[in-house]
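Asks: Got a structure for you, questions after.
The values are calculated or read from the model by the stated rules, or taken from the named source; none is laboratory data. Everything numeric in this text was worked out from a predicted model, so none of it was measured. Here the Cβ positions follow ideal geometry from the backbone for every residue, glycine too, while neighbour counts run over all protein chains shown.
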Amino acid sequence: MPIKAILFDMFDTLVMIEKEHAFYSPAVKSMHTYLSENGLQTSFADFRDAYIEARDALYEDADEKMEEPHFNVRVKNTLLKLGYHAEAQSDLVQGATDAFCREFRNYTRIDKNAKETLKKLHRKYRLGLVSNFAIPECVQKLLEQENLNDFFEVVIVSATVNKRKPHPEIFWHALEKLKLEPSEVAFVGDTVDADIMGPKQVGMKTIYIERRPQKELENHKPDQTIKALKELPTAIKKL
């Protein structure tokens, strides 16, 4: 069956995270600064420790089911550990999440071949995005910032559906929106478990973009492998 649509991973596939993910500490610091300006009275060190504890506890609980709670839940739980009560959807919590996102975006850049490749593919295929990320709003802001929005018919972010790749459910959300069979869709990504094993288990073709060595490739082979996005149109034709 011919390929009718292509789904992409977001981070380190289309949009690169720079400096070995060095954004994390500055982003947590930005949250602390925002919250301090809005009434939080605790040191950065205490806030950071509470945040790490809240984050790790949340993912210990969620990882087994491959769930993705919204980042707001982390912030709410962090504040609770420090003796502050705020709802996950409160302006205070959302403001802290937005502060994290703003700093994170300073550490991202679009892949140099992304726009030209997307332009070529958009003429022939329906395009979509399936990304693991706890802040869906941040993904949307990045797409707008890089003028990528118009390329994608479907955008699914894990925290919106509370499932992370490689769980099948997140891929089925995209397929249902496209109204296509898995065999009519190719998935492109840089991580073996999330972007190769995950799509394959629902029946999609897979294209792996080499960003770093991954031992899992020995046992889980993609249908095609590329070293740069500019190679993607040719790889799609070979599926």
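Asks: List the pairs whose first member sits in region 129-151 and is small (G, A, S), whose second member is part of a helix (DSSP H, G or I) and modelled with pLDDT of 95 or more, and whose Cβ atoms are under 6 Å apart, counting only residues at least 6 apart or on separate chains?
Replies: S131/V139; A134/F71; A134/A159
Asks: Right, something else. Name the single residue, out of those in region 115-130 being outside any loop (DSSP other than H, G, I, E, B) and in contact with a Lys or Arg (Cβ under 8 Å, 6 or more places away or on another chain), that is farthest from F11 (Cα to Cα).
Replies: Per the stated criteria, the residue is R126.
Asks: Of the residues that sit in region 145-165 and are under 17 Å from H122 (Cα atoms) and assigned to a helix (DSSP H, G or I), which one is modelled with the highest pLDDT?
Replies: Only one residue fits best here, namely F151.
Asks: Considering only residues of region 1-49 that are of a type in the set (D, E) and on the phi > 0 side of the Ramachandran plot, which is surrounded by the most Cβ atoms within 10 Å (Cβ to Cβ)?
Replies: Filtering region 1-49 for residues that are of a type in the set (D, E) and on the phi > 0 side of the Ramachandran plot, the one surrounded by the most Cβ atoms within 10 Å (Cβ to Cβ) comes out as D12.
Asks: Further, regarding this structure: Please work out if K76 is in contact with a strand residue (DSSP E or B) (Cβ under 8 Å, 6 or more places away or on another chain) and basic (K, R).
Replies: No: the conditions fail for K76.
Asks: Please state which of the following conditions K205 fails to meet, knowing it meets all the rest: (1) over 19 Å from the mean Cα position of the chain (by Cα); (2) surrounded by 12 or more Cβ atoms within 10 Å (Cβ to Cβ); (3) closer than 23 Å to I110 by Cβ.
Replies: Result: K205 passes all but (3).
Asks: Also, I was wondering about something else. Hey, among K112, K76, which residue is modelled with pLDDT of 95 or more, part of a loop (DSSP other than H, G, I, E, B) and over 17 Å from the mean Cα position of the chain (by Cα)?
Replies: K112
Asks: Are any residues in region 28-49 within 21 Å of F133 (Cα to Cα) and either without any contact (Cβ under 8 Å) to a residue 40 or more places away in the chain or not in a helix (DSSP H, G or I) (or both), and if so, which ones?
Replies: Scanning region 28-49 gives H32, R48.
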